[in-house]
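The values are calculated or read from the model by the stated rules, or taken from the named source; none is laboratory data. Not measured: the values here are computed from a predicted model. Here the Cβ positions follow ideal geometry from the backbone for every residue, glycine too, while neighbour counts run over all protein chains shown.
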Amino acid sequence: MRTTAGLVVVLLAGSSVSGQFAFEVSEDGRAAADVSRVEQARGSEARGSTLPFGLTPDYEVHLRRQIGGLAIADMNGDGLNDLVAVCYISSSFPPYEDWHDMIFYNSPNGLGTTPGWLSDNETHTGDVQIGDINGDGLPDLVAVHGGSVRADAVQVYFGAGNGPSTSPGYSSNIPGRAWGTSGAIVDIDLDGDLDLVTTNQAIAPDPYRPIMLFRNNGTGLGAAPDWESGADEISNGVVTADILGSDGLPEVITAKWVNFNSGVYENIGGTPDAFPIMAVANDSADKGAAVGDINGDGIPEVAFGGDPMVVYSMVQGALVPLWTADPPFGGSQEIRMHDADGDGDLDMAEVVFSDGKAHIYQNNNGVLDTQPTWTFDAPEVGTSIRFGDLNGDGRDDLAVGYSGDTCIRVFYAEAPPCPADLTGDGILDLADVQAFVAAFTSGNLAADLAEPFGVLDLADVQAFAASFVAGCP
């Protein structure tokens, strides 16, 4: 297990220890990991998993980069989703030599392993969002910048027919300057254009900044924030959704770092309230936010990454823990809610910075696995995680970003298995029925198709029958 530390962006820079061991620093400068020991990549999966990802990656980018964020979208209008990867720079050792933002364009032959698009400027980018900011029907690349406090913590690369411009056409001008940590594109006021919410921090001796809203005036974002939260804090993850009523106005849900409480800002008439209407009880090191209906009751839950990741229900105006992850080692760098296995409910996913593990927690009819259902343990530190269809088969694939010599791995979603095909010939017929009966009556666990695993019972018969009737994909 790699060791971690607190805020190190200044502490390690120029230190004599940098000549003695390799270490990585996170994009917000608040975590470090000793990576001097070489480790092997490996995947693992729990029994009963229906997740469609293999245990070895199908695609890798072998470029030494620090990935600040990933996005999946068709950036050049050819009908194929591309992979957007933005990069940050830190005091990691050995030092990094390139941190241009990148797009890996897709083609009928698959994703390229060298970028087809590079930003002209080389600056610290900690998050990326894709959306049509200027209303021309083309996807724009919204980059959230940090590395220091800066007026231009947001820049937009406007879309063109063959991909975005390589130079930003918009730069924010934040009067108090900020270190941007994450962003969410949303029509906050339901006026038909896309606005931007950002979470922020700064550096000592004044390390706190408010959450900011950059409102769209119909043709683009205003240069200065139109709204700021009522408190200067360290916030580092944001999502939006209408979770408090049926007015359609999306609330702002933000994760916050140590000494601050992650929470929900109510949207009142198109503008977030200055202070949270609900907040978690603890003030631990949260990072990353997600929202969605986990338990299928029609009421959204909110989740915050941390040590560990927690999903909260809204109960009488309060956020109450519903589920707590139990990974081998916590410390989420980024989290997602996504129907990873296509069964109609939302699973939870996270990538951990310090140990490089990507975890998916399978949702079983409204109940999440507490321990990871699927894990990929990388030798690099983990920085970003994203789902989307990258090979055009209609299934959402998994992309994971890292800081290290291999900076991206993609796992393509596989076609669902056919449990009733016990003969393995891809055809369901009498031979499969006979094979199941023979296995079941002899106690062969090849017939063990349903929980509780390790026991042959009526549930296995029902699972075989359901699979046989459904047919092979």
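Go through 253, 268, 294 for me and flag whichever is more than 19 Å from the chain's Cα centre (by Cα) and assigned by TED's automatic domain parsing to the domain that holds residue 359. I'd like the intermediate steps shown before the answer.
Details: 253 fails: more than 19 Å from the chain's Cα centre (by Cα); 294 fails: more than 19 Å from the chain's Cα centre (by Cα).
The match here is 268.
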Open item on the list: Looking at the stretch 229-247, I want the residues that are within 11 Å of residue 265 (Cα to Cα) and not assigned by TED's automatic domain parsing to the domain that holds residue 293 and have a partner that is modelled with pLDDT under 95 and in a strand (DSSP E or B) with Cβ atoms under 9 Å, at least 6 apart or on another chain. Which pairs are those?
Closed with: none
Task: Positions within the stretch 212-242 being crowded, with 20+ Cβ neighbours inside 10 Å and either under 24 Å from the mean Cα position of the chain (by Cα) or closer than 17 Å to residue 304 by Cβ (or both), in sequence order - done: 212, 213, 214, 229, 233, 234, 235, 236, 237, 238, 239, 240
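Quick one: which strands (runs of 3 or more DSSP E) sit completely within the stretch 31-112 and have at least 1 residues that are surrounded by fewer than 22 Cβ atoms within 10 Å (Cβ to Cβ)?
Of the strands (runs of 3 or more DSSP E) lying wholly inside the stretch 31-112, those with at least 1 residues that are surrounded by fewer than 22 Cβ atoms within 10 Å (Cβ to Cβ) span 32-34, 42-45, 59-61, 65-73, 100-104.
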TODO: For residues that are crowded, with 24+ Cβ neighbours inside 10 Å and among the aromatic types (Phe, Trp, Tyr), scanning just the stretch 150-205, find the one that is nearest to the chain's Cα centre (by Cα).
DONE: 179
Open item on the list: Pairs please, first residue from the stretch 164-182 and closer than 19 Å to residue 67 by Cβ, second anywhere and of a type outside the set (Ser, Thr, Tyr) and in a loop (DSSP other than H, G, I, E, B), Cβ atoms under 6 Å, 6+ apart in sequence or on different chains.
Closed with: 179/146; 179/149; 179/202; 180/146; 180/153; 181/28
- [ ] Output the qualifying pairs, or none if there are none: Cβ atoms under 6 angstrom, residues six or more apart or on different chains, first residue in the stretch 248-261 and in contact (Cβ under 8 Å) with a residue 24 or more places away in the chain, second residue in a loop (DSSP other than H, G, I, E, B) and polar (S, T, N, Q).
- [x] 255/262; 256/262
Open item on the list: So for the stretch 347-370 (the condition being crowded, with 18+ Cβ neighbours inside 10 Å, more than 17 Å from residue 69 (Cα to Cα), in contact with a His (Cβ under 7 Å, 6 or more places away or on another chain) and not basic (Lys, Arg)), does at least one residue qualify?
Closed with: yes
Task: Residue among 377, 396, 389 that is within 13 Å of residue 56 (Cα to Cα) and either acidic (Asp, Glu) or surrounded by fewer than 24 Cβ atoms within 10 Å (Cβ to Cβ) (or both) - done: 377
Task: the stretch 243-271, residues that are surrounded by 17 or more Cβ atoms within 10 Å (Cβ to Cβ), among the hydroxyl-bearing types (Ser, Thr, Tyr) and either touching a Lys or Arg at 6+ places or on another chain (Cβ under 7 Å) or not in a strand (DSSP E or B) (or both) - done: 262
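For the stretch 183-199, which positions are in a strand (DSSP E or B) and touching a residue at least 40 places away in the same chain (Cβ under 8 Å)? Lay out the reasoning, then the answer.
Narrowing the stretch 183-199 to residues in a strand (DSSP E or B): 183-186, 195-199.
Residues satisfying the conditions are 183, 184, 185, 186, 196, 197, 198, 199.
Residues checked against (1) of a type in the set (Phe, Trp, Tyr); (2) over 27 Å from residue 296 (Cβ atoms); (3) assigned to a loop (DSSP other than H, G, I, E, B); (4) not assigned by TED's automatic domain parsing to the domain that holds residue 61:
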site	(1), (2), (3), (4)
372	no, no, yes, no
384	no, yes, no, no
398	no, no, no, no
420	no, no, yes, yes
452	no, no, yes, yes
461	no, no, no, yes
- [ ] Hand me the list of strands (runs of 3 or more DSSP E) wholly inside the stretch 272-368 holding 1 or more residues that are within 21 Å of residue 251 (Cα to Cα).
- [x] 289-292, 301-304, 310-315, 318-324, 332-338, 347-352
Task: Residue list for the stretch 74-120, filter: of a type in the set (D, E, K, R), in contact with a Pro (Cβ under 9 Å, 6 or more places away or on another chain) and within 15 Å of residue 389 (Cα to Cα) - done: 74
- [ ] Identify the single condition in (1) closer than 26 Å to residue 72 by Cβ; (2) among the charged types (D, E, K, R); (3) touching a residue at least 60 places away in the same chain (Cβ under 8 Å); (4) touching a Gly at 6+ places or on another chain (Cβ under 6 Å) that residue 140 does not satisfy, given that it satisfies every other one.
- [x] (3)
TODO: Could you check residue 301 against (1) under 24 Å from residue 386 (Cβ atoms); (2) of a type outside the set (A, V, I, L, M, F, W, C); (3) in contact (Cβ under 8 Å) with a residue 24 or more places away in the chain and say which number it fails?
DONE: (3)
